[in-house]
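Engineer: Next up is a structure, given as structure tokens.
The values are calculated or read from the model by the stated rules, or taken from the named source; none is laboratory data. Treat the numbers as computed from the prediction; the structure is a model and nothing was measured. Neighbour counts run over all protein chains shown; Cβ positions are idealised from the backbone, glycine included. The area values use the complete protein model at the heavy-atom level, side chains included, leaving out ligands, DNA and RNA. Shrake-Rupley method; radii C 1.70, N 1.55, O 1.52, S 1.80 Å.
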Amino acid sequence: MTANSFIEFYPQFKVIPDAVLEEYVTQSNQRFEDFLDSAEEARRLYIAHKLTLYAQTFLPDTYEPGSVVGMSALRGAGVAAQALSKSVGGVSVSKSEGSAISSISGFGEWKQTAFGLQLITLAKIITAGARYVP
């Protein structure tokens, strides 16, 4: 996986600083040899997950002004849907916006983005039910 091949697949991440993108590409290339035919997909999902988390912590005055709009869009676009609940008095209402979240226990940060959820699912398929945390 290269930074260019990743950006070809996910062009919305062009606003990420090159050094950050290169770091996550390097990490992904080191982690997914055991995924055989799905290694490239796993690498892309890993990078997209990490870059979405990066975009959520981005401070607009620390990077080029033209990229601020793109970073704002990335912050919300890759965020995993969350279960919602509201209580008023004795009445409580719950609604799940993402059924996948409730069926996955553990995995911490990986449930925070849609890309992380896809990576968890891919890992479960490939490892035939064994827990693999990249």
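Engineer: Place +1 on the Cβ of every Lys and Arg and -1 on the Cβ of every Asp and Glu in the range 1-44, take the dipole about the Cα centre, and give the residue among Thr2, Ala42, Gln12 whose Cα lies farthest towards its positive end.
Structural biologist: Positive-most Cα among the choices belongs to Gln12.
Engineer: Under a plain spin-label model, where a point goes 7 Å from the Cα along Cα-to-Cβ, how far apart in nm are Asn29 and Phe9?
Structural biologist: It works out to 1.4 nm between the two label points.
Engineer: Under the rule of at least 5 residues apart or a separate chain, name every residue whose amide H is placed under 5 Å from the amide H of Thr113.
Structural biologist: Ala80
Engineer: Further question on the same structure: At 1.4 Å probe size, with the rest of the protein present, what percent of the exposed accessible area of the range 1-55 is carbon and sulfur atoms?
Structural biologist: It is 46 percent, rounded to a whole number.
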